[in-house]
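Visitor: What follows is a single structure, and I will ask about it in a moment.
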Amino acid sequence: MRLRLPGGFLKVSIDSRDDRAMQYRQLGQTGVKVSALALGTMTFGEQNTEADAHRQLDVAMDAGVNFIDTAEMYPVPPRVETQGLTETYIGTWLHRRHKRNDIVLATKATGPGAHLGHIRGGRSKYTAKNLKEALEGSLKRLQTDYVDLYQLHWPERATNMFGQLGYKPAQREEHPCIEPSLRALSDLIEAGKIRHIGLSNETPWGLMSFLALAREYDLPRVVSIQNPYNLLNRSFEVGLAEVADREQAGLLAYSPLAFGTLSGKYANGARPAGARITRFDHFVRYTKGQGVAATAQYVKLAHQFEVDPAHMAISFILSRRYLTSAIIGATSEDQLRHDLDSLQFPLSKEMLKAIDNIHARIPNPCP
């Protein structure tokens with residue numbers, strides 16, 4: 001049951017299963033339907049034990065989530081001692097629960113990185129050999145014969161990503177090897193080991209290049225792009241939103257709560273015990289300068305409309321027509337259940353306008 005308030009909704013109870021009904025959206029042009037909320041898993045193996053991970057997967061599925069996202073590199077922060085544990089925990093859950101046919105499973109191949117030499121010995125360019133090796137490792141850990149969506153975790157070339165501003169190409173950069181990578185992914189599809197392909201942390205040029213080459217050479221088409229998107233970082237709207245919309249390569253939005261800051265739990269410098277930013281204080285993307293100021297205004301706005309700040313932040317993302325799924329992650333079962341309830345709170349035009357007013361005053365403080 002919900003009571004309508006000026007510009008929003010206040011939850012009274014959630015006894016009815018209908019109140020929690022999941023929404024489903026098409027994954028690109030595939031005909032595959034994925035839940036509007038996906039379960040992100042990068043805490044599995046670092047902040048969450050195997051038992052925690054299995055419980056979260058059960059809770060998510062019970063709520064109607066059928067889309068699980070992981071990566072070869074996880075958990076985060078990446079460490080030699082924990083790399084691969086996230087996929088391993090998902091794999092043991094799949095083995096015990098026999099739920100493989102009930103989920104859309106996505107993972108990612110690690111790209112080049114100066115501090116990731118422990119992954120496949122540093123062989124991280126998206127060559128046919130490296131992609132095959134990366135995928136085989138993921139399949140073994142996940143205890144499955146195939147993944148539904150295989151994503152390139154970030155571009156192989158030098159470009160803006162992970163908050164970098166000001167395009168600075170490498171001094172001696174080789175020509176981007178997009179076509180060979182696409183052909184290698186095509187071979188893995190032909191082998192039945194992946195069903196669809198996606199990109200992550202990409203730019204408009206990169207996404208359009210993959211789509212153009214697929215069209216030109218009759219190669220597999222990118223069906224999604226997994227990029228950061230939240231109230232503090234709406235840079236996706238500048239160029240990628242149009243591509244995602246017109247080309248039907250929808251957004252898989254990660255960091256919808258901006259590392260939890262948009263929940264308001266870090267307000268006034270608070271550092272809750274066990275929280276992600278408390279434990280890993282080098283994650284400063286959403287805790288600097290104007291980001292803190294914008295967060296305070298969004299949290300205040302949510303309270304004015306008597307809506308939970310986390311629900312408002314996630315519901316805003318769900319309102320975007322180019323969104324396929326918002327990826328929510330949690331460090332506790334209670335947090336996961338709370339975020340899943342965001343589906344109950346569609347935002348009114350009045351509230352969306354108020355959000356845009358804040359965005360106009362402090363645009364993209366944490367790109």
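Read the figures in this text as sums done on the coordinates, not as results from a lab. None of these values were measured; they are calculated from a predicted model. Backbone-built Cβ (ideal geometry, glycine too); neighbour counts: all protein chains shown.
Visitor: In straight Cα distance, which lysines are under 17 Å from residue 353, not counting same-chain residues fewer than 8 positions off?
Guide: Within reach: 300.
Visitor: Less than 11 Å Cβ to Cβ from residue 32, Lys/Arg counted +1 and Asp/Glu -1: what total charge do the surrounding residues give? Numbers along the way, then the final one.
Guide: Details: positive: 25, 33, 195; negative: 148.
Net charge in that neighbourhood comes out at +2.
Visitor: So, one more: Place a point 7 Å from the Cα of residue 183 along the Cα-to-Cβ direction; which residues of region 117-141 have their backbone N under 18 Å from it?
Guide: 125-133
Visitor: Right, next: Would you kindly state how much longer the chain becomes between residue 162 and residue 284 on full extension, computed as 0.36 nm times their sequence separation minus their alpha carbon distance, in nm to one decimal? Working shown, then result.
Guide: Details: separation 122, 0.36 × 122 = 43.92 nm, distance 1.17 nm.
Contour length minus Cα-Cα distance gives 42.8 nm.
Visitor: Okay, moving on. Go ahead and estimate [θ] at 222 nm for the chain from helices alone: -39,500 (n - 2.57) per DSSP H run with n ≥ 4, summed, over the residue count, rounded to 500.
Guide: The helix contribution divided over the chain gives -10500 deg cm²/dmol.
Visitor: Here is a further query. Can you list the chymotrypsin sites (Phe, Trp or Tyr not before Pro) in region 97-200 that are in a DSSP coil and have 11 or fewer other beta carbons within 10 angstrom?
Guide: Values: sites: 126, 146, 150, 162, 167; in loops: 126, 146, 162, 167.
Counting only loop positions with at most 11 other Cβ atoms within 10 Å, the chymotrypsin sites (Phe, Trp or Tyr not before Pro) in region 97-200 are 162, 167.
Visitor: If the viscosity is 1.002 mPa s and the temperature 20 °C, what translational diffusion coefficient in µm²/s does Stokes-Einstein give for region 167-228 when Rh comes from Kirkwood over Cα pairs?
Guide: Working: Rh = 12.6 Å.
D = 170 µm²/s.
Visitor: If one computes P(r) from the Cα atoms of region 138-206, what percent of pairs lie at distances over 13 Å?
Guide: Numbers: 1664 of 2346 pairs.
That tail contains 71 percent of the Cα-Cα pairs.
Visitor: Of the listed pairs 33/193; 129/168; 108/140; 108/265, which have alpha-carbon separations greater than 25 Å here? Mind showing how you got there, number by number?
Guide: Details: 33/193 20 Å; 129/168 29 Å; 108/140 14 Å; 108/265 30 Å.
Too far apart for the 25 Å limit: 129/168; 108/265.
Visitor: Just grab the label-to-label distance for residue 98 and residue 175, each label 7 Å out from Cα along the Cβ direction, in nm (one decimal).
Guide: 5.3
Visitor: So, one more: Within 10 Å, at most 11 other Cβ atoms, and a DSSP state outside H, G, I, E, B define an exposed site. Report the longest part of the chain free of exposed GluC sites (Glu not before Pro).
Guide: Details: sites that count: 81, 173, 174.
No qualifying site falls inside 175-367, the longest such stretch.
Visitor: Which loop-located trypsin sites (Lys or Arg not before Pro) does region 140-207 contain, where loop means any DSSP state but H, G, I, E or B and the Cβ has at most 13 other Cβ atoms within 10 Å? All intermediate terms of the calculation are to be shown ahead of the outcome.
Guide: Values: sites: 140, 141, 157, 172, 183, 193, 195; in loops: 157, 172, 193.
Counting only loop positions with at most 13 other Cβ atoms within 10 Å, the trypsin sites (Lys or Arg not before Pro) in region 140-207 are 172.
Visitor: Taking every pair of alpha-carbon atoms in region 21-60, what share in percent sits in each 10 Å bin, from 0 to the bin with the longest distance?
Guide: The calculated distribution, bin by bin, is 27, 38, 29, 7.
Visitor: What percent of all Cα-Cα pairs in region 222-367 falls into each 5 Å bin, going from 0 up to the bin containing the maximum distance?
Guide: Histogramming region 222-367 at 5 Å steps yields 2, 10, 20, 23, 22, 15, 7, 2, 0 percent.
Visitor: Binning every alpha carbon pair distance of region 248-300 at 10 Å from zero, what are the percents per bin?
Guide: Pair shares across the bins are 23, 53, 17, 6, 0.
Visitor: Right, something else. Could you please state, rounded to a whole Å, how far the C-alpha centre of region 301-343 is from the C-alpha centre of region 175-226?
Guide: What the calculation gives is 30 Å, centre to centre.
Visitor: Using a simple spin-label model with points 7 Å from Cα along the Cα→Cβ vector, what separation in nm is obtained for residue 190 and residue 238?
Guide: The answer from the label model is 3.9 nm.
Visitor: Computed over the Cα atoms, what is the radius of gyration of the chain divided by 2.2 N^0.38 Å, N being its residue count? Present the calculation step by step, with values, prior to reporting the outcome.
Guide: On the way: Rg = 19.8 Å, N = 367, 2.2 N^0.38 = 20.7 Å.
With N residues counted in the chain, Rg over 2.2 N^0.38 Å equals 0.96.
Visitor: Mind checking which aspartates and glutamates have their Cα closer than 18 Å to the Cα of residue 349? Skip sequence neighbours fewer than 8 apart in that chain.
Guide: Partners within reach: 306, 308.
Visitor: Further, regarding this structure: If you look at just the Cα atoms of region 252-335, how large are its Rg and its Dmax in Å?
Guide: Every Cα atom of region 252-335 included, Rg and Dmax give 12.8, 37 Å.
Visitor: Oh, and also: Could you check how many percent of all C-alpha pairs in region 147-275 are farther apart than 23 Å? Don't skip to the end; give the middle numbers.
Guide: Working: 3413 of 8256 pairs.
Value for region 147-275: 41 percent of Cα pairs lie more than 23 Å apart.
Visitor: What residues qualify as long-range amide H neighbours of residue 201, i.e. H under 5 Å apart, gap of 5 or more or another chain, H built at 1.01 Å from N?
Guide: It is 226, 227, by chain and number.
Visitor: To the nearest 0.05, what FRET efficiency results for residue 140 and residue 353 with a Förster distance of 51 Å applied to their C-beta separation? Please report the intermediate quantities before stating the final value.
Guide: Numbers: r = 50 Å, r/R0 = 0.98.
My answer for the efficiency is 0.55.
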